[in-house]
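What follows is a short report on a single structure.
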Amino acid sequence: MFEFDLTASQGRARAGIFHTPHGDLETPVFAPVGTQATVKTLTPAQVMELGATLVLANTYHLYLRPGDELVSELGGLHEFMQWRSPILTDSGGFQVFSLAKTRKIDDEGVTFKSHIDGSTHRFTPEKSIRIQENLGADIIMAFDECSDPNDPGYTRVAMERTHSWADRCLAAKRREDQALFGIIQGGIDPELRTVSAQFISSRPFPGIAIGGLSVGETKDEMQAMLDVVTPLLPADKPRYLMGVGTPEDVIDGVKRGVDIFDCVLPTRLARHNAAFSPGGRMNLMNASFAHDQHPIDESCQCYTCRTFSRAYLRHLIVAKEMLAGSLLSIHNLYTMVNLMKEIRLSIRDGSFKEKIPTWMERWHGNADRSKIIVSE
Ligand SMILES: [Zn+2]
């Protein structure tokens with residue numbers, strides 16, 4: 001369980017298989033986000049059909065509603081949401097810092113007020129692990145503190161706290177059927193990132209996450225940090241770049257040795273009438289699509305593009321029909337999942353590097369990271 005088999009590599013890009021209790025995950029892999037134990041607007045069958053193998057659910061949201069103990073009573077997340085493949089939960093920390101109404105952090109944990117009803121709660125590393133054990137995902141995350149990349153003075157404090165909490169998470173973990181990933185922090189400081197990568201690598205985590213990126217730093221800064229971190233990581237553990245990203249970002253991430261990605265962007269864009277397309281992000285609400293009989297993307301094999309015209313999608317949006325969000329989510333998620341599949345195949349057949357310029361050319365217009373909001 002939780003062995004990671006590296007099956008091919010090209011440069012720093014890797015293809016592998018991560019063994020979990022709910023099946024083998026082929027990597028590199030992109031995980032759709034199912035914040036509230038649902039990938040918004042889609043049934044699990046639709047998410048499976050578009051090719052997703054891993055979904056992420058958010059600990060903070062599920063702890064507040066319906067409550068992790070209730071999820072446990074109902075058989076755990078897999079049973080509750082009827083998703084039979086691997087699930088990953090985050091630690092809840094990031095959402096506390098980004099969503100909670102007020103929060104007060106100390107070395108022991110963080111006290112916060114719920115964004116739903118203002119009630120007061122406290123997360124500690126031990127509490128985060130208990131909640132994630134109740135939820136029952138295959139991959140769970142250490143409780144960490146993600147600092148503002150533009151607040152260098154605080155970055156060291158947050159990183160040291162993250163390291164101490166990582167050890168407390170390891171000590172608190174009881175279930176053998178869950179893989180606990182440690183999280184590297186260190187902002188955009190190469191020295192701190194080095195220290196953090198070495199610290200987390202020295203601990204017995206079966207996988208390693210890179211946190212604190214795609215949170216307001218530039219693209220160059222993110223890539224520079226990946227260049228510092230991934231060469232320091234053990235080859236036999238999967239690496240997870242949290243909250244990333246766009247088609248371009250995942251290509252850049254794989255090139256730098258990342259194996260697992262997640263992002264709300266595909267489903268969030270879909271609910272705002274936007275689709276990934278080779279010409280850039282397409283807003284289907286645009287009046288120019290009123291008579292357009294083409295699919296979103298002629299070359300896309302997703303259900304939406306095989307079946308419906310831009311004109312029909314625009315009609316659904318204008319008429320405020322819920323199906324619009326579902327059909328655009330299918331297309332956007334398929335785009336990411338299928339890109340990852342192409343990437344995996346290319347690493348295996350040795351063509352990854354030569355295909356990068358074509359992919360970048362194709363997806364360049366979808367790269368606007370300023371519009372990414374990591375939490376939903
Ligand atoms: Zn499509």
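Out of the residues in the stretch 280-293 that are over 28 Å from the mean Cα position of the chain (by Cα) and more than 16 Å from the ligand (Cβ to nearest atom), which is surrounded by the most Cβ atoms within 10 Å (Cβ to Cβ)? Walk me through it before giving the result.
Taking the stretch 280-293 as the starting set, the residues that turn out to be over 28 Å from the mean Cα position of the chain (by Cα) are 286-293.
The next check asks that each one be more than 16 Å from the ligand (Cβ to nearest atom); those that pass are 286-288, 290-291.
On the way: Asn286: 13, Ala287: 8, Ser288: 9, Ala290: 11, His291: 10.
Restricting to residues being over 28 Å from the mean Cα position of the chain (by Cα) and more than 16 Å from the ligand (Cβ to nearest atom), the top hit is Asn286.
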Original post:
Does Ala274 satisfy the criteria of being farther than 30 Å from Gly207 by Cβ, within 16 Å of the ligand (Cβ to nearest atom) and modelled with pLDDT of 95 or more?
Top reply: yes
**OP:** Have a look at Leu6, Leu74 and point out the one that is surrounded by fewer than 23 Cβ atoms within 10 Å (Cβ to Cβ), more than 23 Å from Ala209 (Cβ to Cβ) and hydrophobic (A, V, I, L, M, F, W, C).
**Re:** Leu74
Original post:
Of Ser288, Ser329, which residue is hydroxyl-bearing (Ser, Thr, Tyr), farther than 27 Å from Leu56 by Cα and in a helix (DSSP H, G or I)?
Top reply: Ser288
Subject >> All positions within the stretch 49-91 that are within 17 Å of the chain's Cα centre (by Cα), among the small types (Gly, Ala, Ser) and on the phi < 0 side of the Ramachandran plot >> reply: Ala52, Ala57, Ser85, Ser91
Original post:
Somewhere in the stretch 233-248, is a residue within 16 Å of the ligand (Cβ to nearest atom) and under 19 Å from the mean Cα position of the chain (by Cα)?
Top reply: yes
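Given the options Leu313, Leu339, Leu345, Leu328, name the one that is in contact with a Ser or Thr (Cβ under 9 Å, 6 or more places away or on another chain), more than 12 Å from Ala275 (Cα to Cα) and of a type outside the set (D, E, K, R).
Leu345
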Original post:
What do you reckon, is Ala15 among the aliphatic types (A, V, I, L, M), modelled with pLDDT of 95 or more and more than 26 Å from Arg268 (Cα to Cα)?
Top reply: yes
**OP:** Check off (1) more than 23 Å from Phe18 (Cβ to Cβ); (2) in contact (Cβ under 8 Å) with a residue 24 or more places away in the chain for Ile200 and give me the number that stays unchecked.
**Re:** (1)
**OP:** Return only the number of the condition from (1) in contact (Cβ under 8 Å) with a residue 60 or more places away in the chain; (2) away from the ligand (no atom under 16 Å from the Cβ); (3) not basic (Lys, Arg) that Leu345 does not satisfy.
**Re:** (1)
**OP:** Enumerate the pairs (first residue in the stretch 217-232 and closer than 20 Å to Arg203 by Cβ and touching a residue at least 60 places away in the same chain (Cβ under 8 Å); second residue anywhere and of a type outside the set (Lys, Arg) and surrounded by 17 or more Cβ atoms within 10 Å (Cβ to Cβ)) with beta-carbon separation below 6 Å, excluding pairs fewer than 6 apart on the same chain, so at least 6 apart or on different chains.
**Re:** Thr230/Gly257
Original post:
Can we say Ser351 is of a type in the set (Ser, Thr, Tyr) and within 11 Å of the ligand (Cβ to nearest atom)?
Top reply: no
Original post:
Considering only helices (runs of 4 or more DSSP H) fully contained in the stretch 47-162, which possess at least 1 residues that are at pLDDT 95 or above and in contact with a helix residue (DSSP H, G or I) (Cβ under 7 Å, 6 or more places away or on another chain)?
Top reply: 59-64, 68-73, 77-81, 125-135
**OP:** Can you work out which of the residues in the stretch 318-335 that are β-branched (Val, Ile, Thr) and under 27 Å from the mean Cα position of the chain (by Cα) is nearest to Phe261 (Cα to Cα)?
**Re:** Thr335
Original post:
Out of the stretch 288-313, which residues are of a type in the set (Gly, Ala, Ser) and in contact with a helix residue (DSSP H, G or I) (Cβ under 8 Å, 6 or more places away or on another chain)?
Top reply: Ala290, Ala311
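Return the residues of the stretch 9-26 that are outside any strand (DSSP E or B) and among the charged types (D, E, K, R); say none if nothing qualifies.
Filtering the stretch 9-26 for residues outside any strand (DSSP E or B) gives 11-12, 21-22.
Across the stretch 9-26, the qualifying residue is only Arg12.
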Subject >> Extreme residue, farthest from Pro266 (Cα to Cα), among residues of the stretch 27-46 that are touching a residue at least 12 places away in the same chain (Cβ under 8 Å) and not in a loop (DSSP other than H, G, I, E, B) >> reply: Thr27
Original post:
Name the residues in the stretch 294-334 that are more than 21 Å from Leu42 (Cβ to Cβ) and more than 15 Å from the ligand (Cβ to nearest atom), would you?
Top reply: Ala311, Val318
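The values are calculated or read from the model by the stated rules, or taken from the named source; none is laboratory data. Just so we're clear, the structure is a prediction, and the values are computed from it rather than from any experiment. All Cβ positions, even for glycine, are placed from backbone atoms using ideal geometry, and neighbour counts span all protein chains on display.
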